[in-house]
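The values are calculated or read from the model by the stated rules, or taken from the named source; none is laboratory data. Source: prediction; values computed, not measured. Every residue, glycine among them, receives a Cβ derived from its backbone with ideal geometry; neighbour counts consider all protein chains shown. Note: accessible area is taken over every heavy atom of the protein model, side chains too, but ligands, DNA and RNA are not part of it. Shrake-Rupley method; radii C 1.70, N 1.55, O 1.52, S 1.80 Å.
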Amino acid sequence: MIKKARYTVTILFSLLLSLPGFAQLQSPDEFLGYELGERWTLHHQVLSYVKHVAEESDYVTIHHYGETNQHRELVYLVITSPENHENIEEIRLNNLRLTGLEEGSTTDNLKGIVWLSYNIHGNETSSSEAAMRTLHEIVRPDSREPKQWLENTAVIMDPMLNPDGRDRYVNWFSNMLGVEVNPTFDAREHHEPWPGGRSNHYLFDLNRDWAWQVQKESQLRYNIYKQWFPHIHVDFHEQSYNAPYYFAPAAEPFHMAITDWQREFQTTIGENHIGYFDDENWLYFTRERFDLFYPSFGDTWPTFHGSIGMTYEMPGHSLAGLAIETAEGDTLTLAQRLLQHHTTGMSTVEVASRYSDEMISGFSDFFETSRNNARGTYKTFVVKADNHPDKIYNLLTFLDNLQIEYGTSGSSRSASGFNFTTAENESIRIESDDILISAYQPQGNLVRVFFEPNPELADSLTYDITAWEAHYRFGLRGYALETRYNPVSSISADDFRHAEISADGRPYAYITSWNSMDDARFLAEITREGVKSRFSRVDFEIEGQAFDAGSLVITRENNRLLGDRFDQIIQKAAENHHRSVHGVSTGFVTSGSDFGSSNLRYIERPRVAVLIGDGTSSLNAGEIWHFFDHQLGYPATMLHTDYLMRASLNDYDTLVLPSGNYRDILSDAAIERISAWTRDGGTLITFGQANSLLAGRNGFQLQRKMAVDEEPSAEDLLQPYGDSARRAASSRTPGSIFRVTLDTTHPLAYGLDSEYFSLKTDASAYNYLDSGWNVGTSRGNAHISGFAGHEAQNLLQDTLNFGVQQHGSGRVVYLVDNPLFRGFWENGKLLMANAVFFVGN
């Protein structure tokens, strides 16, 4: 059917130009002045074209939904018949009513909804080119069959999800290009520099951020997604230029929350694609590599919302440029790449229209089953009411965004269940004010995905991390129960915001506890405003109030130069961050140390530099950059690696080294310069693989722990070649949760519980520090959830997760595990704030 539309366009096009109104609708080639595939199309040009189509076609409306960090406009299109457009609000609400998330009865006006998402990875650029072609192909007047599809189908098209990354790549490529395209792999146009165009402005991979919504683009997009809940969602990508095209059905492992209907329908879609690809003799593969397990991809996230979520992977990527010679001697061009993405896009809409009734029925059944017959072992999840209010607030705001219902138990009872803290099934006690989250609700599948203690993994060869459970992520105590308990009383996230400023007149000092990132943001704000603070290294009690170590003490004497502004700054920051601040009339404590004691350490205003650029992991560098800009709200200077030897390091007292491969970037002289700066009093914070740069070097105590070499047995030597990938998996952990024992008397761990659950994304192992402070350690087999190979588990026993050593007059903070991973591991962020504000003071 798509082929017929392609074949007939040449015959009819000149005749149709004479039809009234048609001359105004231009093809992409006519509008842009070049044939698609000859060059890249910048974001503003794509935007201009889709706006043109929306203006000229009564099949298309365009909707603004925000802008990126670099102020590029984000839009989506609604493409359907004019009659459907007249009733589009009825169609949209009817679909939401099928989910149970919208009140009211449905009418008979139900239509299939397909969402096509293009260019979430900025340097996988063929898809936005394909989007323009697909848009025009669907709506041009002579496309009779696509018009028929639109009678029972609405297409949501987001032509470019990551404009900042795309323009970064396209602008760079244009600067590299000579008179002719050079398909030779060695040519500079095939090797984009750090950080590449894949990520967004803050160097986040947006295709890992669908669920966590740390990034602005993800937040804005989900707000629109919830208004539609499409039945099919396609995320267009590119992979190695030597690989054939990939489309559904997906590879194992499938998350067990995915239904049989979803498995079967994606196969139906794939079979339709196969017909077109076979006719053209195009190579393709299915059921390999791209699984449906990690919940924050552009295929899994919609799938857990009842959609048929799929990724389509075209050969290409940034290495392909406009043309590249493949390993098989062919030349792959941009024109070929966009054609194949165009073909699968059209084929998807065709299938959606053909099976519209079955698709809508399956979608409706997905939510009906979730409401009335929840799948999975666990039916109720409990969050203890005595968790810290900030942690509960963070969880509940996350659930609110996902439209997940919750409430309190309403009565006390005993039960049996899985205790997330002990990771054991045991007898537990539920109190009346504990929070219950039932799997019996419209978004029950999301409840299962985010709260199951250890999601069942059918195959260890998975594409991404394998653990993310919400209690561990937010640092909460609670249980998973196999019995259904419904919440009785409603509560809201705001019930856990109890900010109070208790102060009479002009207090001697203000005190606030230190338990969460809200406290860190409060400190960041007042520090930026010039307030001088102290933190206590001991627990203390004053005027009937008890405070733990790490609590902030902000004395009037230290801030006398601020005058009346002092009180105004404290009160405004407390209101901004919902902090309870206590004013006291004296510095004399009932127990602990008085405010003039050396146990109350003055917080020098941190002057932070973050190494960024060649050699650093762009993803980790971006996580740190975003942490300072948006999660902590404190300034940090991004210092490029190639400027390190010329920079005045004495202007900074804190230097952060992201994970990365510095071998060819930082010379021995550069490392010695960093070491000397640390010895002179600086605080050096190292992430991930940056620790291996320092391990074993003179003055640095960190040492790698190596697996014991054993003589291979005959059985080992005779392992079949086909099992090699699985054998390799035994020594890795792509992302699993480990129990970490924290020394909460050390400033690095202030505000955290003695048991911390860490997301470990590789099996790098380090011995305990011989001298220094082993602040966070994995003792024995500390593995809790997710996949970790048996060799990796053995290696990681009795190893360092977080440590601090004295280095001359300075300190080194070793963050072996990344507490800022993808910006979503909420309970780990305070470790970084402690490293910045407390360690070294």
For this session: Considering only residues that are in contact with a Lys or Arg (Cβ under 8 Å, 6 or more places away or on another chain) and in a loop (DSSP other than H, G, I, E, B), look in the stretch 486-514 and name the one that is modelled with the lowest pLDDT.
Result: Ala499
Exercise. What residue, among those in the stretch 463-500 that are among the hydroxyl-bearing types (Ser, Thr, Tyr) and out of contact with any Pro (no Cβ under 7 Å at 6 or more places or on another chain), is farthest from Ile430 (Cα to Cα)?
Worked result: Tyr463
For this session: Please specify each residue of the stretch 474-485 satisfying the condition of being assigned to a loop (DSSP other than H, G, I, E, B) and either exposed (fewer than 14 other Cβ atoms within 10 Å of the Cβ) or not hydrophobic (A, V, I, L, M, F, W, C) (or both).
Result: Gly475, Arg477, Glu482, Thr483, Arg484, Tyr485
For this session: Quickly run through the stretch 238-261 and pick out the residues that are within 20 Å of Gly345 (Cβ to Cβ) and not hydrophobic (A, V, I, L, M, F, W, C).
Result: Glu238, Gln239, Pro244, Tyr245, Tyr246, Pro249
Exercise. Can you name the strands (runs of 3 or more DSSP E) wholly within the stretch 56-126 that have at least 3 residues being surrounded by 18 or more Cβ atoms within 10 Å (Cβ to Cβ) and out of contact with any Cys (no Cβ under 9 Å at 6 or more places or on another chain)?
Worked result: 73-79, 112-117
Seminar exercise, completed: Checked His255, His190 against criteria (touching a residue at least 24 places away in the same chain (Cβ under 8 Å), open to solvent by less than 20 Å² (accessible area, probe 1.4 Å) and under 30 Å from Ile91 (Cβ atoms)); the one match is His255
Exercise. In the list Ile542, Ile612, Ile569, which residue meets the criterion of being open to solvent by less than 40 Å² (accessible area, probe 1.4 Å), farther than 30 Å from Leu206 by Cα, touching a Ser or Thr at 6+ places or on another chain (Cβ under 9 Å) and not aromatic (Phe, Trp, Tyr)?
Worked result: Ile542
Exercise. What are the pairs, 6+ residues apart or on separate chains, where a residue within the stretch 24-44 that is over 26 Å from Gly197 (Cα atoms) has its Cβ under 7 Å from a residue that is open to solvent by 60 Å² or more (accessible area, probe 1.4 Å) and outside any loop (DSSP other than H, G, I, E, B)?
Worked result: Gln24/Glu56; Leu25/Glu56
Exercise. Can you name every residue in the stretch 174-215 that is polar (S, T, N, Q) and assigned to a helix (DSSP H, G or I)?
Worked result: Ser174, Asn175, Asn207
Exercise. In this structure, is Glu452 of a type outside the set (A, V, I, L, M), free of Cβ contacts under 8 Å to residues at least 60 places away in the same chain and out of contact with any Lys or Arg (no Cβ under 9 Å at 6 or more places or on another chain)?
Worked result: no
Problem set entry | Which listed residue, of Asn171, Asn175, Asn223, Asn200, is crowded, with 17+ Cβ neighbours inside 10 Å and polar (S, T, N, Q) | Asn200
For this session: Mind listing whichever residues of the stretch 693-708 are in contact with a strand residue (DSSP E or B) (Cβ under 7 Å, 6 or more places away or on another chain), open to solvent by less than 70 Å² (accessible area, probe 1.4 Å) and not in a loop (DSSP other than H, G, I, E, B)?
Result: Leu694
For this session: Test Trp468 against the criterion of being assigned to a loop (DSSP other than H, G, I, E, B), in contact with a Phe, Trp or Tyr (Cβ under 6 Å, 6 or more places away or on another chain) and either in contact (Cβ under 8 Å) with a residue 12 or more places away in the chain or open to solvent by 60 Å² or more (accessible area, probe 1.4 Å) (or both), and give yes or no.
Result: no
Seminar exercise, completed: Scanning the stretch 753-778 residue by residue, those open to solvent by 50 Å² or more (accessible area, probe 1.4 Å), part of a loop (DSSP other than H, G, I, E, B) and without any contact (Cβ under 8 Å) to a residue 40 or more places away in the chain turn out to be Ser754, Tyr768
Exercise. Pick from Tyr378, Tyr406: which is surrounded by fewer than 21 Cβ atoms within 10 Å (Cβ to Cβ), in contact with a strand residue (DSSP E or B) (Cβ under 6 Å, 6 or more places away or on another chain) and aromatic (Phe, Trp, Tyr)?
Worked result: Tyr378
Exercise. How about the stretch 786-837: which of its residues are of a type in the set (Asp, Glu) and open to solvent by 10 Å² or more (accessible area, probe 1.4 Å)?
Worked result: Glu791, Asp798, Glu826
Problem set entry | Out of Glu350, Glu358, sole residue that is over 15 Å from Ser127 (Cα atoms) and open to solvent by 30 Å² or more (accessible area, probe 1.4 Å) | Glu358
Exercise. When residues of the stretch 344-363 are filtered for being of a type in the set (Ser, Thr, Tyr), within 25 Å of Ala130 (Cα to Cα), more than 29 Å from the chain's Cα centre (by Cα) and in a helix (DSSP H, G or I), how many remain?
Worked result: 3
Problem set entry | Residues of the stretch 41-55 that turn out to be open to solvent by 60 Å² or more (accessible area, probe 1.4 Å) and farther than 26 Å from Ser143 by Cβ, as a count | 1
Exercise. What is the one condition in (1) open to solvent by 50 Å² or more (accessible area, probe 1.4 Å); (2) out of contact with any Leu (no Cβ under 6 Å at 6 or more places or on another chain) that Asp390 does not satisfy?
Worked result: (1)
Problem set entry | Single residue of His626, His582 found to be touching a residue at least 12 places away in the same chain (Cβ under 8 Å) and open to solvent by 20 Å² or more (accessible area, probe 1.4 Å) | His582
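Residue by residue, here is whether (1) within 28 Å of Tyr202 (Cα to Cα); (2) part of a strand (DSSP E or B) holds:
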site: Thr733; (1), (2): yes, no
site: Thr745; (1), (2): no, no
site: Phe787; (1), (2): no, no
site: Gln797; (1), (2): no, no
site: Gln805; (1), (2): no, yes
site: Asn827; (1), (2): yes, no
site: Leu831; (1), (2): yes, no
Exercise. Looking at Gly444, is it buried (at least 21 other Cβ atoms within 10 Å of the Cβ), within 26 Å of the chain's Cα centre (by Cα) and more than 29 Å from Asn781 (Cα to Cα)?
Worked result: yes
Seminar exercise, completed: A careful count of residues in the stretch 292-330 that are over 18 Å from the mean Cα position of the chain (by Cα) and part of a loop (DSSP other than H, G, I, E, B) gives 10
Seminar exercise, completed: Selection from the stretch 216-243 of residues part of a strand (DSSP E or B) and within 19 Å of the chain's Cα centre (by Cα) yields His233, Val234, Asp235, Phe236, His237
Seminar exercise, completed: Taking the stretch 381-403 and keeping residues hydrophobic (A, V, I, L, M, F, W, C), farther than 16 Å from Pro442 by Cα and touching a strand residue (DSSP E or B) at 6+ places or on another chain (Cβ under 6 Å) leaves Val382, Val383
For this session: Evaluate the following for Val589: is it in contact with a helix residue (DSSP H, G or I) (Cβ under 9 Å, 6 or more places away or on another chain) and among the β-branched types (Val, Ile, Thr)?
Result: no
